Amino acid sequence: MKNITGRWTFNEDFGFGKDEGFAEFTQEGEIIKGKVVYTERIDDEIPFRVQQEVEGTFDGVHLTITGTSVELLDVETQFEYHLDTWEGILNANNQIVGHSYDDHDCFGVFVLEYIDL
């Protein structure tokens, strides 16, 4: 799989919580655009949904995407949410596995799995 256009399941563990949702990508050349939509479950807090628009690159093996904007869904009060960067490698099982970080030193490990629609 050299083109990752399509929908992917998204799961991430960041130590004090987990994210679960999906990503949708459109790829032109090595340029990736899309969105990552997930429910964030932080230990002992009410879950909420997040949608990040993302841009980045995929060279056939390495994926790097960064949030360009964020929308908090299903929350009573909006609050500051730090955009993420995800860096991963496409493996032989058509999974992209890697790590994430934001500018407030929140680090995670994620897996994207292609959904054959």
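The values are calculated or read from the model by the stated rules, or taken from the named source; none is laboratory data. None of the values given here were measured: they were computed from a predicted structure. Here the Cβ is made from the backbone with ideal geometry for all residues, glycine too, and neighbour counts use every protein chain on show.
Just name the residue that is nearest to GLY60 (Cα to Cα) out of those in the stretch 1-38 that are aromatic (Phe, Trp, Tyr) and under 15 Å from the mean Cα position of the chain (by Cα).
Step by step, filter the stretch 1-38, then rank; the result is PHE25.
If we scan the stretch 58-80, do we find a residue that is within 14 Å of ASN11 (Cα to Cα) and modelled with pLDDT under 95?
Here is the first cut: in the stretch 58-80, the residues within 14 Å of ASN11 (Cα to Cα) are none.
No.
Considering only residues that are at pLDDT 95 or above and either closer than 17 Å to GLN52 by Cβ or of a type outside the set (Ser, Thr, Tyr) (or both), which ones fall in the stretch 4-16?
Applying the first criterion (at pLDDT 95 or above) to the stretch 4-16 yields 4-13.
Scanning the stretch 4-16 gives ILE4, GLY6, ARG7, TRP8, THR9, PHE10, ASN11, GLU12, ASP13.
If ILE46 meets every condition in (1) touching a Gly at 6+ places or on another chain (Cβ under 9 Å); (2) surrounded by fewer than 11 Cβ atoms within 10 Å (Cβ to Cβ); (3) without any contact (Cβ under 8 Å) to a residue 24 or more places away in the chain apart from one, which number is that one?
(1) is the only condition that ILE46 fails.
I'm checking my understanding of the structure. Among residues of the stretch 92-106 that are more than 21 Å from PHE16 (Cβ to Cβ) and either modelled with pLDDT of 95 or more or of a type in the set (Val, Ile, Thr) (or both), which one is surrounded by the most Cβ atoms within 10 Å (Cβ to Cβ)? Steps first, answer last, please.
Going through the stretch 92-106, the residues more than 21 Å from PHE16 (Cβ to Cβ) turn out to be 92-96.
From what is left, the residues that are either modelled with pLDDT of 95 or more or of a type in the set (Val, Ile, Thr) (or both) are 95-96.
Numbers: GLN95: 16, ILE96: 26.
Across the stretch 92-106, the extreme among qualifying residues is ILE96.
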